[in-house]
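The values are calculated or read from the model by the stated rules, or taken from the named source; none is laboratory data. Given the structure is predicted, the values throughout are model-derived calculations rather than measurements. FYI the Cβ positions are ideal-geometry reconstructions off the backbone, even for glycines, and counts take in every protein chain you see.
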Amino acid sequence: MPACKECGEDVEELFNVKVGSKRRLVCEDCAELLEEQELIGEEQEAVIQQMMGYKGRR
Ligand SMILES: [Zn+2]
């Protein structure tokens, strides 16, 4: 059985998840977690860019 690269547990199926510029083979649970973190990171970046843009126009 393949082992998840994130939590180290043996699982039936591994998922190929893109984290930043890297790819990781992880179990379903970790795949969901990593995807959530990725989304949060993108949102934070967008918010920071908006704030900077807003300040820049003042
Ligand atoms: Zn895992």
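The number of residues in segment 1-16 that are in contact with a helix residue (DSSP H, G or I) (Cβ under 9 Å, 6 or more places away or on another chain) and either loosely packed, with under 12 Cβ neighbours inside 10 Å or part of a loop (DSSP other than H, G, I, E, B) (or both) comes to 9. In segment 31-47, which residue that is under 28 Å from GLY8 (Cβ atoms) and of a type in the set (Gly, Ala, Ser) is modelled with the highest pLDDT? Here the residue is ALA31.
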